[in-house]
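The values are calculated or read from the model by the stated rules, or taken from the named source; none is laboratory data. As the structure is a computational prediction, the values presented were derived from the model and not from experiment. Cβ coordinates were reconstructed from backbone atoms using ideal geometry, including for glycine residues, and neighbour counts include every protein chain displayed. The protein model used for the area step is the full one, side chains on, heavy atoms only, and it has no ligands, DNA or RNA in it. Shrake-Rupley method; radii C 1.70, N 1.55, O 1.52, S 1.80 Å.
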Amino acid sequence: MKNLLTTYGKTMLLAAILVLMQQAQAQTAQDKKETDTNWIDEITSRVTPYGSLRIGAGFAEEGEIGISNNAPRIGIKLKHALSKNEADNFNVIGGIELGLNLVSRDETVEFAVDPGAGIAQVGDAVFARLGYAGFSYKDFELTFGKQNSVYYQLGANKIDKFSAFGGAAIGVWNISDGGVSGTGRANQLLKLTYANSGLKIGIQGQARNISANSKSLDTYGLGASYTIGGFAIGVGFNKVLDGVEDPLPNQAKNGDEAFVTSASYEKDRFSVAASYANLKQHQRLGDEFYDAIGIEFYLGYLFSKNKRWKVASGFNYLTPDDDQGLGDFNTAFAIGEVSYTFKKSSKIFAAAKIDQSKTTTGDRRNQSVFGIGVKFDF
């Protein structure tokens, strides 16, 4: 009997130990699951993914047909608080944006709103559009990397609004994506911005070190915009300090300066915007750089009761100064567009570019283009 009780006691003790081990293991698994979940939540709360798939199909007036990219991209934005006290509002911020070649970069018919990829990116399936990191504190942001310039964001405020054409007369995409000169998606950029109550101010500088004339600050730019009600104005200036007389594809031109101002008004179903640009040695024709004046105009109206259908029209006009020796050369085209927005900023559209641009001898330089496209944002 004594042995039996001893055996029974040992068995009960073993069973109790097994039960406790199982509970401990279950608790550990639950804690690990909660820890894993918290880790995932921590990451996802700081990162915001986004994307835009854009493809167009167009045909030129002489019969050429093409399917082209329309600046599709995917990206993430990062924001991480450096203090547990939210009132401090001190954050690490950053972003990465990749351009996608969904079809090709050698389109027969150019049907795209954004000149887009850089010289070395032609034909690449994926290429870098933006990549930056920095800090934000209350109304201030300090960022460095490849990012949109204050010239474009603030100076050319709300003017580049067409779905498939435009942006040719504001001096943003002067060479490739405007990264070298600093007016577009500027390379190696240090940027400080302030935004409060409709007022935005920005300054920037590039440290590219790509020419024999490199400076500590190779370019600098200034920009400002102000919005009150539906009315907005913007102004931007950019100057190259390290330009050379005969620049390589990744170098800027000596004397490159760009100035742009814009104004827009939006109310209910109606929107209108206009810009004026004064460009010095900023635009390029072959191996020649020239001074020019540029004007863009946009007019849009939501004509359906549900505010999904929209009609828009406008024009781009860029002409060299008379003393540039380019004869009758200019860029001049009108734009017409009808679109249907089916979710947020996602839409389908039909657009036309009636091109009257001229060569130096006065002949027509480009064909008119007509087409349809889709833009799906997520």
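In Å², and per residue, what accessible area does the stretch 308-378 have when probed at 1.4 Å with the other protein chains present?
Here the residues of the stretch 308-378 average 52 Å² of exposed surface.
Roll a 1.4 Å probe over the protein chains and send me the accessible area per residue for the stretch 207-251 in Å².
Value for the stretch 207-251: 51 Å² per residue.
Given a Förster radius of 35 Å and the C-beta distance between residue 244 and residue 142 as r, what FRET efficiency does 1/(1 + (r/R0)^6) yield to the nearest 0.05?
So the FRET efficiency works out to roughly 0.70.
So for each of 355-364, 272-281 I average, over its residues, the number of other beta carbons within 10 Å; can you give me the resulting order with the highest mean first?
272-281, 355-364
Could you tell me which residue out of 340, 311, 366 lies farthest along the dipole of the stretch 256-368 toward its positive end? Charges go on the beta carbon: Lys and Arg +1, Asp and Glu -1, centred on the Cα centre.
Comparing the listed Cα positions along the dipole, 340 ranks first.
Simple spin-label model, 7 Å along Cα-to-Cβ: residue 90 to residue 48 in nm?
Here the modelled spin labels are 2.3 nm apart.
Between residue 228 and residue 322, take the C-beta separation as r, use R0 = 51 Å, and let me know the FRET efficiency to the nearest 0.05.
Computed FRET efficiency for residue 228 and residue 322 comes out at 0.85.
Given a 1.4 Å probe and every protein chain left where it sits, what share in percent of the accessible area of the stretch 227-378 is carbon and sulfur?
The value for the stretch 227-378 is 57 percent carbon and sulfur by accessible area.
Less than 16 Å from a label point 7 Å out along the Cα-to-Cβ axis of residue 348: which backbone N atoms in the stretch 287-309 qualify, by residue?
Only 308-309 pass the distance filter.
Rank 258, 211, 223 by how far each Cα sits towards the positive end of the charge dipole of the stretch 195-261 (+1 on Lys, Arg Cβ; -1 on Asp, Glu Cβ) and give me just the farthest.
Looking along the dipole axis, the top candidate is 223.
How much net charge surrounds residue 349 when only the other residues with a Cβ under 11 Å from the Cβ of residue 349 are counted, with Lys and Arg +1 and Asp and Glu -1?
Net charge in that neighbourhood comes out at +3.
Report, in debye and to the nearest 20, how large the dipole of the stretch 219-345 comes out about its Cα centre when Lys and Arg carry +1 and Asp and Glu carry -1 on their Cβ.
My answer is approximately 1440 debye.
Give the peptides 156-166, 179-189 in descending order of average Cβ contacts within 10 Å, highest first.
Final packing ranking: 179-189, 156-166.
How far, in nm, would the chain grow between residue 79 and residue 287 when pulled straight, counting 0.36 nm per residue and subtracting the alpha carbon separation?
Taking residue 79 through residue 287 to full extension adds about 70.6 nm, to one decimal.
Can you figure out the FRET efficiency of residue 64 with residue 308, using R₀ = 25 Å and their beta-carbon distance, to the nearest 0.05?
Given R0 = 25 Å and the Cβ-Cβ separation, E is 0.20.
In nm, to one decimal, how far is the residue 274 label point from the residue 372 one, both placed 7 Å along Cα→Cβ?
Inter-label distance under the simple model: 3.5 nm.
Lysines within cross-link reach of residue 84: Cα-Cα under 26 Å, excluding same-chain residues under 8 positions apart?
32, 33, 138
Please go through the stretch 168-274 and write out the GluC sites (Glu not before Pro) that DSSP classes as loop and that have at most 15 other C-beta atoms within 10 Å.
Here the GluC sites (Glu not before Pro) that fit, given the DSSP loop and packing criteria, are 245.
Residues with beta-carbon under 9 Å from that of residue 374, excluding residue 374: net charge, scoring Lys, Arg +1 and Asp, Glu -1?
Net charge around residue 374: +3.
Fully extended, how many nm does the chain gain between residue 364 and residue 103 (0.36 nm per residue separation, minus their Cα-Cα distance)?
That works out to 91.1 nm of additional length.
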